Each structure stands twice: as structure tokens, then as C-alpha cells.
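What follows is calculated from the coordinates using simple rules that are stated; it is not laboratory data. Since we're looking at a predicted model, the values are computed, not measured. Virtual Cβ from ideal backbone geometry, glycine too; neighbours counted across all protein chains shown.
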Amino acid sequence: MTVNMNPLQFPDSRSRSKLRLLVIACLLAVAVLPSRIHASEPLAKGIQDNSFFIEEAYNQEPGVVQHIFNLPIDFTNGSREIAPSFTQEWPVFSQTHQFSYTIPYIFTEDDNGMEDMRLNYRLQALTEDEYTPAFAPRLSLVLATGDRDKGFGAGVVGYETNLPFSKIVSDRWTLHFNAGMSVFPSVRDHHLTNYNLGASAIYAVSRDFNLMLETVAGWNDDIAEGAFVFEETVDRTTTAIVSPGARYAFNFANDAQLVIGAALPIGLTSDSPDWGVFFYCSFEHWFTRTDARRTK
């Protein structure tokens, strides 16, 4: 039997050109694949759960913790008040349940000290889809850690609830709405109740940069002290601000995200600060890996 041994055939110049084009096309496809994945999502999803005055209705995803530092500086009639706070948000086994706490501090012209601390539970009651807004009602226990005599707290344990709704309405626009109240029983024999409303519109210039317009209003009870205890009465103040602002996200490996922002709140009522500046910083990262897919 005769075996014909053909010499090794090399592709001609035309075949080599086609091969090079095929390799380049494959490399380009791999390079643009992540951007194609992002392009399939609205630009508004690039930054979520990073508002300044409004509570967004997005719980933390499984395995992801968020650290938030707020620094508002308010100016009223020539006086200045600085009220930094730190918040940490943790998912509880899943995105359905979330625990968080807030530690506030305050510096006034005359004194400084801790304000009332909050322990928060939030339920992801509705997950956002094409037609349904995200909804995450919150219940909070307000601890009497602030000094009532200095005006830094109620002096009693209180209870607070808030109802935040969030909805992406187009590729670049997101709307948020809040309604809530807080109750402080037996504050010097008075029952104090506060109410709040808020809304915001956020425009995604890009996935990493947002312009924001927030507005919040509050109707708050406080005790007007008299010369004697029996002369004390409950006064109601009305506060309202409108706050234009912006935020920018830095995205790192392993889905870590740093968001910084600033705003210029402007008071709309006589009980509100005249104006202020607001600085924001948030960092979120994995503390344990899960099979959950990140959406932020």
C-alpha cells in the first residue's frame, strides 16, 4: 500500500488577511461585551441608594455592606450648625430584610454633643420592575442618646416610620417619594408627633454622574418652655428645603463602589435654615460572597 504524504500547507496571503480580521473581530467583541451589558440597562441604574435628604427604596444586596457619612452645614441668621452623621446598612440574609443604624453628632455655636441614635429595620416590600416602583417601608427605634436640655434629643425613646418609593421612569430619570412620621411619648407629659414628606428627581448624565433635585418638608412638635412646668405648651414648626446637588461614583474591582456628592440646600420657611452646604460620601463592598448578581 502506498501512502501519499502531502507537504504542510500554509495559508496564502488572502487567507492570512481573513484570519487576522477574524482575530481582531473576536478581540473587539470581547472588549465591548461589558459595555454592551451595561448598555442594556438604563443609565439611571449606575448609581442607586445614594441620595442625600431622600430615602431611596433599595435595600442592600446579599453580602454587601454600605458605609455612609453625611456632613450638613447650615447657616441661619449668621449662626452656623454642623451635624455630621454615620450610617451603616447591612442585609439580613437576603435583600428582603435590612438592618442599619445611624449615629448623629452636632456642633452648634454654643455646644456640641451626640443626638438621638436610630436603629432601623427596612423591608423590601416591592422590587422595581417595568411597571412597579420599589417600595421599602422602614421602622426605626429612636434611642434617647442626645441631651434634651441642650436641645440635642427628645429625652425619651421614640418611634419612627418612613415609606420610600423609587421608580426609574426612563433611561436617565429616576423619581423618589417619601412620607413618614415619628412619635415621642411622654416628653415632659406631652405627646410629640412629627410628619415628613419628600420627593426628588435624579438625572443620569452618565452611569457614574448624576444631577439631583431634592425637596423635603417637616411638621415637628416641640415644647415651648414656660416659667413653670404647667405653663409649657407644644409648638409646631414647619420646615422645608429645596436642594440641588450632584453625585459621582467610582467603581472598583470586585464591585466595590465609592460615591461622593455635594448639595446646596435652601430654606423655604422661617423655621428652616437660611441655606447650607451638604457633603456626602458612601462606600459599599462585599463582606461575603453570595450567588446574588450585583445590579448597581
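What the table shows:
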item	result
Per-residue HN-Hα couplings for segment 255-264 [Karplus 6.51, -1.76, 1.60; θ = phi - 60°; Hz; x = Gly/Pro]	6, 5, 9, 10, 10, 10, x, 8, 8, 10
For segment 45-286: Kirkwood Rh in Å [reciprocal of mean 1/r, alpha carbons]	18.9 Å
Between segment 103-162 and segment 183-261, the Cα center-to-center distance that results, in Å	10 Å
Rg to Rh quotient for segment 87-184, alpha carbon positions, Kirkwood Rh	1.08
Computed lengthening from Ala262 to Asp147, 0.36 nm per intervening residue step minus Cα-Cα distance	38.5 nm
Charged-residue dipole, Cβ positions (Lys, Arg, Asp, Glu), segment 45-286 about Cα centre, Debye nearest 20	700 debye
Dipole of segment 45-286 [Lys/Arg +1, Asp/Glu -1 at C-beta], most positive-end residue of Asn77, Gln98, Gln257	Gln257
Computed E for Glu232/Leu139 - FRET, C-beta separation, R0 35 angstrom, nearest 0.05	0.75
